[in-house]
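Down below is the structure, laid out as structure tokens.
Bear in mind that the values in this text are calculations on the coordinates, not laboratory data. Predicted, not measured: the structure shown is a model, and the values here were computed from it. Neighbour counts are summed over all protein chains in view; Cβ atoms, including those assigned to glycine, are modelled from backbone coordinates with ideal geometry.
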Amino acid sequence: MPRILLIKTSSLGDVVHNLPVVSDLVTALPGVSVDWVVEEAFAAIPRLHPGVAQVLPVALRRWRRTPWRPVVWRELQGFLAALRTNEYDAVIDTQGLFKSAWIARAARGVSHGLDRASSREPLGWFYDQVHAVPWDRHAVERNRRLAALALGRSVDGAACYGIRAEAPLPAGLDEGPHAVLLHATSAERKLWPEAHWIALGNALAARGLVCLLPWGTPAECERSEQLAARIAGARVPPRLGIDALAPLLARARIVVGTDTGLAHLAGALGAPTLGIYCATDPAATGLYACPRARNLGGPGAPPTADAVIAAALEWLA
């Protein structure tokens, strides 16, 4: 039985974009065992895929804040011991950064990564084999292409995320149909105006949906509260982890989000999802190969509130 190790540690959207690689491997190699190294904060995502045998959480983000602490070194040694427990037929680093390349180097098995022209950093010496993957492809297809080259195969068929979220909804959030508004994002330039969110939220509320506004940081919580105060019937849930957010997204009547990993997760779960792009190009990293998803806007051309409302009502219809 072949055993493959995937290395895609972060961030949330990038981890979601790597899920179709698992589906490809399961389809192409019956009986394959797929393990995955991922940042501890995102470990819940590969666990949603039934084709992942073992998730190996790593804590690079946390460790680098206090690298001198003895507990960090103990945790690092524990991770490396777990990493080296199994020998792999292929170790595939689809992250393509120093932090992931050293993990590939430490694992037991033939390691594969991007060549110098295909990655942001010069990493060739970390790997046993390197491969050329064009930059002009969507991130999902770059991941699939690298994995296929590592195994001497071609990329066949459309991308399939292959995940499901069957856990019950968080307590108190299972009362009637809901919409999820993902207003937060990693950079201010990616934000959509608050007035647009309010217009959208009230349009959805007028159609009987409770608008939920999740958050992850105190600043995001404050913004959620401000928006909810001006959207009829809107609610701000407590801070939720990915385990709780996944079923909330999967069962939403509609999800609308900025360029954020949670929007990609919603699309991958099959929820009707609209992606709002204000500063980044959806052709490169937008919602992709999702059964019910649509990208709106682009760099310097954010969509209007009316355009998003019209698209949302089309999905609801």
Among the residues of the range 266-294, write down those that are among the aliphatic types (A, V, I, L, M) and either over 22 Å from Arg142 (Cα atoms) or touching a residue at least 40 places away in the same chain (Cβ under 8 Å) (or both). Ala266, Ala268, Leu269, Ala271, Leu274, Ile276, Ala279, Ala283, Ala284, Ala289
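Residue-by-condition table, conditions (1) among the aliphatic types (A, V, I, L, M); (2) closer than 28 Å to Ala41 by Cβ; (3) part of a helix (DSSP H, G or I):
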| position | (1), (2), (3) |
| --- | --- |
| Ala219 | yes, yes, yes |
| Ala232 | yes, no, no |
| Ala244 | yes, yes, yes |
| Val256 | yes, yes, no |
| His264 | no, yes, yes |
| Val308 | yes, no, yes |
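What tally of residues in the range 250-279 results from selecting those that are among the charged types (D, E, K, R) and surrounded by fewer than 21 Cβ atoms within 10 Å (Cβ to Cβ)? Lay out the reasoning, then the answer.
Initially, the range 250-279 is screened for residues among the charged types (D, E, K, R), giving 251, 253, 259.
Right, trim to surrounded by fewer than 21 Cβ atoms within 10 Å (Cβ to Cβ) and you get 251, 253.
Number of matching residues: 2.
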Would you mind telling me which numbered condition in (1) closer than 16 Å to Ile7 by Cα; (2) within 23 Å of the chain's Cα centre (by Cα) Arg62 fails? (1)
Residues of the range 198-209 being on the phi < 0 side of the Ramachandran plot, surrounded by fewer than 20 Cβ atoms within 10 Å (Cβ to Cβ) and not in a helix (DSSP H, G or I), which ones? Ala206, Arg207
If I filter the range 120-141 for residues that are part of a strand (DSSP E or B), closer than 30 Å to Asn295 by Cα and out of contact with any helix residue (DSSP H, G or I) (no Cβ under 6 Å at 6 or more places or on another chain), do I get at least one hit? no
Restricting to the range 5-33, name every residue that is in contact with an Asp or Glu (Cβ under 6 Å, 6 or more places away or on another chain) and not in a loop (DSSP other than H, G, I, E, B). Leu5, Ile7
Residue satisfying all of: in the range 107-155; among the small types (Gly, Ala, Ser) and under 30 Å from Gly78 (Cβ atoms); surrounded by the fewest Cβ atoms within 10 Å (Cβ to Cβ) among these: Gly124
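Pick from Pro238, Pro282, Pro247: which is buried (at least 19 other Cβ atoms within 10 Å of the Cβ) and within 18 Å of Asp174 (Cα to Cα)? Reasoning before the result, please.
Values: Pro238 fails: buried (at least 19 other Cβ atoms within 10 Å of the Cβ); Pro282 fails: within 18 Å of Asp174 (Cα to Cα).
Of Pro238, Pro282, Pro247, the one residue that is buried (at least 19 other Cβ atoms within 10 Å of the Cβ) and within 18 Å of Asp174 (Cα to Cα) is Pro247.
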Check Trp36 against each of (1) out of contact with any Pro (no Cβ under 8 Å at 6 or more places or on another chain); (2) outside any helix (DSSP H, G or I) and name the one condition it does not meet. (1)
